[in-house]
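Undergrad: I'd like to ask some things about the structure below.
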């Protein structure tokens with residue numbers, strides 16, 4: 001997959017339409033981890049739009065994002081920058097292989113302590 | 001049998017690109033009764049209209065079908081054209097093959113087929129058309145202006161200047177509106193009050209203008225040229241004609257803790273008050289929510305002090321009914337509430353203010369006499385942060401999707417005034433885009449940056465935290481790609497503006513349409529910008545959409561010229577496509593009268609015995625054709641099928657449906 005295709009896939013996974021961004025920068029204005037990041041929330045959106053997603057993939061910024069969702073909360077256009085980071089993280093995990101959950105293995109893994117939600121979301125995350 | 005001519009318009013490529021216009025003309029020529037069919041590039045042009053006129057004469061046509069744009073666009077144009085050569089204008093039908101066909105289809109074959117079907121339906125209708133003659137109604141030569149801000153004032157002055165009577169209904173105790181609260185006006189920085197108050201005086205002194213202040217419109221009946229409007233005059237507990245406006249009562253009233261709306265609650269007033277010194281009418285008003293006398297029956301200070309004897313605690317709301325020919329809606333705007341914007345700490349710190357509050361703080365008639373100090377500790381602010389687009393251009397729930405249009409310029413004005421009056425103040429403006437499309441507007445903005453050294457930063461404030469006596473502002477600078485932290489003394493929020501809350505219920509009374517943002521819609525966005533689609537209702541100022549003072553005054557003048565054009569007529573030609581009842585079928589059940597939105601239907605008891613003894617009396621519906629707007633509600637509701645519309649009879653519509661289903 002080339003960068004543009006990956007960017008499209010990131011948009012699909014995250015449900016973010018980066019074209020809705022009007023470049024006000026409120027996400028980066030509100031971000032509490034701004035100084036720890038190489039790329040900032042408004043740049044996540046721009047990188048996803050312009051197909052330079054590889055830069056974000058290789059950056060530590062995706063792990064310094066606290067997922068506090070302040071940017072999602074404050075964005076006046078409902079763009080949800082943090083969801084892009086979530087999607088990029090997912091993408092990275094999927095590249096690592098062997099993380100797939102196979103339905104047959106689940107009964108053995110069942111544990112009363114595991115919330116059902118975790119199972120459901122694991123399926124959702126690792127479906128590819 | 002009718003002799004029908006069909007004229008198919010290309011509308012440039014608007015229709016011709018998706019519809020095979022030649023084929024439409026050729027196919028429709030095969031329809032029964034169609035004796036002539038042709039197509040042309042622009043049917044509405046002079047050449048196109050002449051083509052129609054020539055064909056009517058040459059072919060002895062009795063009916064015409066135009067396949068073109070929506071009848072809302074050009075039906076009147078084509079009706080005029082056929083009338084010019086002696087055909088009754090109601091023998092013409094328009095088949096909409098643009099908005100409802102070519103614009104919404106991509107496939108030429110499908111679009112062509114649909115255009116043919118629509119044309120065929122119109123031909124079927126023309127077969128049943130009958131010549132109709134429009135009646136005439138007289139025009140009440142008086143206008144009503146709802147809202148007494150700068151839009152309403154300018155519009156009333158212009159209408160009165162042409163010699164017509166105008167009444168202004170204003171819900172506040174004084175006319176003047178938002179402009180009375182503004183300190184200076186961009187881009188010339190002239191004093192708002194100095195240019196507004198002379199106009200307020202003009203309105204008060206003009207013998208053609210009557211001001212109903214502290215009043216509201218509560219009902220609207222009738223139609224263009226003949227509106228009957230119910231006006232509620234709210235009790236102000238002061239006799240307006242006796243009060244001299246001396247203001248003694250407003251100094252002696254012991255109830256001092258009433259939030260002062262004129263200063264947006266930044267200070268207090270007395271329970272009896274005159275909003276400000278230049279108020280028109282200059283009459284005191286008692287705030288019933290705070291007056292001790294009205295609440296407990298014990299006080300009466302104002303009544304004792306008033307030498308004119310104007311105080312009347314027993315006053316009740318008055319209800320008037322007046323006749324008008326035209327109604328102007330100038331209900332204005334308000335800044336949105338900022339309660340949902342926690343990130344800017346508006347409800348946490350008194351030093352975070354809206355731009356309109358800042359306007360009062362800067363104004364000589366404001367709570368501090370124009371000396372800019374922080375509301376919290378009355379110290380001069382040294383660092384001020386302005387935040388633009390607070391709630392504007394926002395698609396999330398608490399915001400407005402549109403640009404409020406005026407904020408860029410007034411923020412620029414505030415920043416410039418701060419730097420001019422208090423040069424040791426650092427001023428930051430956070431912007432998304434600076435929008436300055438207006439005469440001398442961009443020059444004004446550049447002066448703020450270049451001469452007054454206002455720090456314009458491309459980015460948005462993310463959060464404001466009150467800490468000690470400072471406001472910690474965290475924001476992004478997108479051009480340097482850094483996050484900024486500023487210790488500010490004041491933060492000024494350019495809140496989005498929205499239509500006044502009274503606009504929505506008023507639109508319902510007027511049956512005038514509104515958009516999803518509660519702004520009144522124009523009859524045509526470009527070509528009829530000051531008229532509502534509801535005949536006789538006109539729009540001025542921010543009721544129609546956000547706009548600044550010069551634009552509002554321009555629009556109010558345009559609106560006045562449209563009103564004058566209406567009032568100058570002695571008679572209006574009515575719409576002949578109105579309802580009528582078949583008395584032989586009507587059983588007098590009242591269903592039609594109950595659904596009629598215009599009150600056009602009455603009942604009379606008639607003798608159907610055809611004898612002198614009057615033994616067969618029946619109650620039947622009767623439609624007032626001057627009041628009926630031809631909406632057709634009654635024709636649908638009538639259980640016996642007695643109600644029908646001229647020009648849109650059940651038979652005509654059924655024949656259209658048959659033609660479509662053929």
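Okay, residues lined up against (1) in contact (Cβ under 8 Å) with a residue 24 or more places away in the chain; (2) outside any strand (DSSP E or B); (3) in contact with a helix residue (DSSP H, G or I) (Cβ under 8 Å, 6 or more places away or on another chain):
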residue: B:557; (1), (2), (3): yes, yes, yes
residue: B:592; (1), (2), (3): yes, yes, yes
residue: B:606; (1), (2), (3): no, no, no
residue: B:631; (1), (2), (3): yes, yes, no
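Undergrad: Can you name the residue in segment A:44-58 that is more than 11 Å from every other protein chain (Cβ to nearest Cβ) and under 22 Å from residue B:430 (Cα atoms) and, of all such residues, is surrounded by the fewest Cβ atoms within 10 Å (Cβ to Cβ)?
TA: Checked segment A:44-58; the qualifying residue surrounded by the fewest Cβ atoms within 10 Å (Cβ to Cβ) is A:45.
Undergrad: Consider residue B:563 carefully, then state whether it is assigned by TED's automatic domain parsing to the domain that holds residue B:227 and either part of a helix (DSSP H, G or I) or within 39 Å of the chain's Cα centre (by Cα) (or both).
TA: Against the criterion (assigned by TED's automatic domain parsing to the domain that holds residue B:227 and either part of a helix (DSSP H, G or I) or within 39 Å of the chain's Cα centre (by Cα) (or both)), residue B:563 qualifies.
Okay, residues lined up against (1) over 36 Å from the mean Cα position of the chain (by Cα); (2) closer than 18 Å to residue B:383 by Cα; (3) assigned to a helix (DSSP H, G or I); (4) away from chain A (no Cβ under 12 Å):
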residue	(1), (2), (3), (4)
B:411	no, yes, yes, yes
B:427	yes, yes, no, yes
B:433	no, no, no, no
B:442	no, no, yes, yes
B:466	yes, yes, no, yes
B:476	yes, yes, no, no
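Undergrad: Working only within segment A:76-87, note down all residues that are within 14 Å of another protein chain (Cβ to nearest Cβ) and either free of Cβ contacts under 8 Å to residues at least 24 places away in the same chain or buried (at least 19 other Cβ atoms within 10 Å of the Cβ) (or both).
TA: Listed by number, the residues that qualify are A:76, A:77, A:79, A:80, A:81, A:82.
Undergrad: Within segment B:489-502, take every residue that is under 18 Å from residue B:425 (Cα atoms) and more than 14 Å from chain A (Cβ to nearest Cβ) and give me the one that is nearest to the chain's Cα centre (by Cα).
TA: The selected residue is B:492.
Undergrad: Related question: Would you check if there is a residue in segment A:22-43 being more than 13 Å from chain B (Cβ to nearest Cβ) and either at negative phi or in contact with a strand residue (DSSP E or B) (Cβ under 9 Å, 6 or more places away or on another chain) (or both)?
TA: Within segment A:22-43, none of the residues are more than 13 Å from chain B (Cβ to nearest Cβ) and either at negative phi or in contact with a strand residue (DSSP E or B) (Cβ under 9 Å, 6 or more places away or on another chain) (or both).
Undergrad: Name the residue, out of B:234, B:269, B:256, that is farther than 19 Å from residue B:177 by Cα and touching a strand residue (DSSP E or B) at 6+ places or on another chain (Cβ under 8 Å).
TA: Result of the check over B:234, B:269, B:256: B:256.
Undergrad: OK, next. Give me the residue from segment B:507-533 that is out of contact with any strand residue (DSSP E or B) (no Cβ under 9 Å at 6 or more places or on another chain) and assigned to a loop (DSSP other than H, G, I, E, B) and, out of that set, farthest from residue B:152 (Cα to Cα).
TA: So, considering only residues that are out of contact with any strand residue (DSSP E or B) (no Cβ under 9 Å at 6 or more places or on another chain) and assigned to a loop (DSSP other than H, G, I, E, B), the one farthest from residue B:152 (Cα to Cα) is B:516.
Undergrad: With B:19, B:6 as the choices, which residue is closer than 15 Å to residue B:78 by Cα and not in a helix (DSSP H, G or I)?
TA: Going through B:19, B:6 in turn, the sole match is B:6.
Undergrad: For segment B:153-173, what are the residues that are closer than 19 Å to residue B:275 by Cβ and in contact with a strand residue (DSSP E or B) (Cβ under 8 Å, 6 or more places away or on another chain)?
TA: Residues satisfying the conditions are B:153, B:168, B:169, B:170, B:171, B:173.
Undergrad: Hey, residue B:611 hits all of (1) modelled with pLDDT of 90 or more; (2) not assigned by TED's automatic domain parsing to the domain that holds residue B:159 but one; which does it fall short on?
TA: (1)
Undergrad: Looking at residue A:62 and the list (1) more than 14 Å from chain B (Cβ to nearest Cβ); (2) surrounded by fewer than 20 Cβ atoms within 10 Å (Cβ to Cβ), which single condition is not satisfied?
TA: For residue A:62, the failing item is (2).
Undergrad: Sticking with this structure for a sec: Condition test on residue B:469, is it surrounded by fewer than 20 Cβ atoms within 10 Å (Cβ to Cβ), without any contact (Cβ under 8 Å) to a residue 40 or more places away in the chain and either closer than 30 Å to residue A:33 by Cβ or in contact with a strand residue (DSSP E or B) (Cβ under 6 Å, 6 or more places away or on another chain) (or both)?
TA: no
Undergrad: Related question: Please go through segment B:503-518 and give me each residue that is over 10 Å from the mean Cα position of the chain (by Cα) and farther than 21 Å from residue B:389 by Cβ, ordered by number.
TA: B:505, B:508, B:509, B:510, B:511
Undergrad: Restricting to segment B:91-147, what's the tally of residues that are assigned to a helix (DSSP H, G or I) and in contact with a helix residue (DSSP H, G or I) (Cβ under 9 Å, 6 or more places away or on another chain)?
TA: Qualifying residue count, segment B:91-147: 23.
Undergrad: With the requirement that a residue be crowded, with 18+ Cβ neighbours inside 10 Å, assigned to a loop (DSSP other than H, G, I, E, B) and in contact with a strand residue (DSSP E or B) (Cβ under 9 Å, 6 or more places away or on another chain), what does segment B:287-309 give you?
TA: B:287, B:290, B:291, B:306
Undergrad: Right, another one. For residue B:540, are the conditions met, namely being surrounded by 23 or more Cβ atoms within 10 Å (Cβ to Cβ), touching a helix residue (DSSP H, G or I) at 6+ places or on another chain (Cβ under 6 Å) and over 25 Å from residue B:136 (Cβ atoms)?
TA: Yes.
Undergrad: Take segment B:478-488 and flag every residue that is part of a loop (DSSP other than H, G, I, E, B) and either more than 10 Å from chain A (Cβ to nearest Cβ) or free of Cβ contacts under 8 Å to residues at least 12 places away in the same chain (or both).
TA: B:480, B:481
Undergrad: Output the number of residues of segment B:446-464 satisfying the condition of being within 14 Å of chain A (Cβ to nearest Cβ), in contact with a helix residue (DSSP H, G or I) (Cβ under 8 Å, 6 or more places away or on another chain) and either without any contact (Cβ under 8 Å) to a residue 40 or more places away in the chain or outside any strand (DSSP E or B) (or both).
TA: Going through segment B:446-464 one residue at a time, the tally reaches 3.
Undergrad: Can you pull out the residues in segment B:641-661 that are assigned to a loop (DSSP other than H, G, I, E, B) and free of Cβ contacts under 8 Å to residues at least 60 places away in the same chain?
TA: B:641
Undergrad: On the basis of being away from chain B (no Cβ under 14 Å), surrounded by fewer than 20 Cβ atoms within 10 Å (Cβ to Cβ), over 19 Å from residue B:393 (Cα atoms) and more than 12 Å from the chain's Cα centre (by Cα), does residue A:90 make the cut?
TA: Taking the combined requirement at face value, the residue does not satisfy it.
Undergrad: Let me ask something additional. Out of (1) at negative phi; (2) free of Cβ contacts under 8 Å to residues at least 12 places away in the same chain; (3) surrounded by 14 or more Cβ atoms within 10 Å (Cβ to Cβ), what's the single condition that is false for residue B:441?
TA: (2) is the only condition that residue B:441 fails.
Undergrad: With the requirement that a residue be in a loop (DSSP other than H, G, I, E, B), surrounded by 15 or more Cβ atoms within 10 Å (Cβ to Cβ) and touching a strand residue (DSSP E or B) at 6+ places or on another chain (Cβ under 8 Å), what does segment B:366-387 give you?
TA: B:374, B:375, B:381
Undergrad: Would you call residue A:80 at pLDDT 80 or above and not assigned by TED's automatic domain parsing to the domain that holds residue A:41?
TA: No: the conditions fail for residue A:80.
The values are calculated or read from the model by the stated rules, or taken from the named source; none is laboratory data. Please read all numbers here as calculations on a predicted model, not as lab measurements. Neighbour counts run over all protein chains shown; Cβ positions are idealised from the backbone, glycine included.
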